[in-house]
Amino acid sequence: MTDRELVALAHAMLDRAYAPYSHFPVGAALLCSDGTVFTGCNVENAAYGQCLCAERTALVKAVSEGHTHDWETLAVISRGEDYCWPCGACRQMLYEFKPNLRILVARGDQSYQEVTLEQLMPHGFGPQQLNDV
Ligand code: THU
């Protein structure tokens, strides 16, 4: 699976997004080391606070299928002209499992840039902090 193919899988999820309130579809695709890909889209709700981001949809699908610490790369995309940066809540949820996760942050035309989660969230709070007391 190439990076470009992973971004294309995330892009395909834009059509699955349930975003009647923000009208901002987001797609995600999470590649694991054995080649398994978990895709996700944002899922909104009339009670706005319950909206779920695309990245966390993919994350929950992976963890619930037993893929917790074998993640390689996450692609995130919207239809926008700007790169679709993961929100703070998603960064925190991802950090729990893979602080140095590769992330491909894409634009609507499927162009992308590569960053690591550590770059997006330096000095993050993770499970290791709980062992320090
Ligand atoms: N959204 C995501 O799916 N991922 C992000 O990292 C940023 C925001 C969604 C949530 C909401 O459904 C819509 O984009 C507008 O915020």
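The values are calculated or read from the model by the stated rules, or taken from the named source; none is laboratory data. Source: prediction; values computed, not measured. So basically every Cβ, Gly included, is an ideal-geometry build from the backbone, and we count neighbours across all protein chains shown. Quick note on the areas: whole protein, heavy atoms, side chains included, nothing else; ligands and nucleic acids left out. Shrake-Rupley method; radii C 1.70, N 1.55, O 1.52, S 1.80 Å.
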Query raised in the report: Within segment 100-110, can you find the residues that are part of a loop (DSSP other than H, G, I, E, B) and either buried (at least 16 other Cβ atoms within 10 Å of the Cβ) or small (Gly, Ala, Ser) (or both)?
Result: LEU101, ARG107, GLY108
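Kindly evaluate GLU81 against the criterion of being farther than 18 Å from LEU9 by Cβ, in a helix (DSSP H, G or I) and out of contact with any Cys (no Cβ under 7 Å at 6 or more places or on another chain). If you could, list the steps in order and put the result at the bottom.
Working: farther than 18 Å from LEU9 by Cβ: yes; in a helix (DSSP H, G or I): no; out of contact with any Cys (no Cβ under 7 Å at 6 or more places or on another chain): yes.
Here the answer is no, as GLU81 does not meet what is asked.
Within segment 51-71, is there a residue that is part of a strand (DSSP E or B), closer than 23 Å to ASP3 by Cβ and not β-branched (Val, Ile, Thr)? Working first, answer last.
Looking only at segment 51-71, we keep the residues that are part of a strand (DSSP E or B), and these are 52, 71.
Among the residues that remain, those that are also closer than 23 Å to ASP3 by Cβ are: 71.
Pick out the ones that are also not β-branched (Val, Ile, Thr) and you get 71.
The answer is yes; a qualifying residue exists.
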Requested in this report: Please find, among GLN113, GLN128, the residue that is open to solvent by 50 Å² or more (accessible area, probe 1.4 Å), free of Cβ contacts under 8 Å to residues at least 60 places away in the same chain and more than 16 Å from the ligand (Cβ to nearest atom).
Outcome: GLN128
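Open to solvent by less than 60 Å² (accessible area, probe 1.4 Å) and within 14 Å of the ligand (Cβ to nearest atom), is that true of GLY49?
Numbers: open to solvent by less than 60 Å² (accessible area, probe 1.4 Å): no; within 14 Å of the ligand (Cβ to nearest atom): yes.
No.
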Query raised in the report: HIS123 versus (1) in contact (Cβ under 8 Å) with a residue 24 or more places away in the chain; (2) open to solvent by 40 Å² or more (accessible area, probe 1.4 Å): which is the lone unmet condition?
Result: (1)
Query raised in the report: When only residues in segment 52-93 that are among the acidic types (Asp, Glu) and within 13 Å of the ligand (Cβ to nearest atom) count, which is nearest to PHE24 (Cα to Cα)?
Result: ASP82
Report task. Specify which of the listed residues (ALA8, ALA28, ALA12) is more than 16 Å from the ligand (Cβ to nearest atom), among the small types (Gly, Ala, Ser) and either open to solvent by less than 50 Å² (accessible area, probe 1.4 Å) or assigned to a helix (DSSP H, G or I) (or both). Result -> ALA8
